[in-house]
Amino acid sequence: MKKAIIFLLSIVSLGNIAFAQDSSAYELQRNKINALLAERSAKFGQYEESLNARTGIFGFQTKRDIKNSNEILRQIAINDNNIFTELKVLLDYKDLQFQEVKSNVDHNQLRIDSYKKTIRDLQLKNEELLDYNQKIDRSTDKLQLLLVLIVIALAVCIFIIYRKNKVIKSKAPQSGIKVL
């Protein structure tokens, strides 16, 4: 029994360690996505600044200003693609965790059903043993009653024989004949 408890505790602790590793990987992935989102926000701020930059004559935008804005916008699009890729990885982690939890639930349900069946079987066996024990107790009571009756009958027989011997001895002449 102690071995079974130790075994179950070790399995639970290993499961917790695996879950903690999955959780830490999930957290790392979330942090990575948050960093990419912060980077995107910073680049978007740079893009806003580049749209307002007017280095040309009479306060107009130059080709270089427009190219700079387009480059920043291209970097935002690349960053967005990276965010989507990392979000896919994060969702895969979530799906993996969901499948693991579902698998654990299914496994635990099977174990619970098995325990219920074992308990039901043990209860039936216990009822059978109690019935058998009651039958033995009744037969033991009958045997004890029979033994008491035999002892009483034997005592009565011994008493009757003793009385007859006493009567015969008292009627027998004193002549040296022994009566049994």
Within region 53-60, can one find any residue that is surrounded by 14 or more Cβ atoms within 10 Å (Cβ to Cβ) and either assigned to a helix (DSSP H, G or I) or polar (S, T, N, Q) (or both)?
no
Could you figure out which of (1) loosely packed, with under 10 Cβ neighbours inside 10 Å; (2) in contact with an Asp or Glu (Cβ under 9 Å, 6 or more places away or on another chain) isn't true of Leu96?
(1)
Spot the failing condition for Gly45; the list is (1) surrounded by fewer than 13 Cβ atoms within 10 Å (Cβ to Cβ); (2) modelled with pLDDT of 90 or more, and only one is missed.
(2)
Among (1) over 30 Å from Asn52 (Cα atoms); (2) touching a helix residue (DSSP H, G or I) at 6+ places or on another chain (Cβ under 9 Å), there is one condition Ser103 misses while meeting the rest; what is its number?
(2)
Could you please find all residues in region 51-107 being without any contact (Cβ under 8 Å) to a residue 40 or more places away in the chain and among the charged types (D, E, K, R)?
Arg54, Lys63, Arg64, Asp65, Lys67, Glu71, Arg74, Lys88, Asp92, Asp95, Lys102, Asp106
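The values are calculated or read from the model by the stated rules, or taken from the named source; none is laboratory data. Since the structure is predicted, the reported quantities are computational estimates derived from the model, not experimental observations. Glycine also receives a Cβ, built like all others from the backbone with ideal geometry; neighbour counts cover every protein chain displayed.
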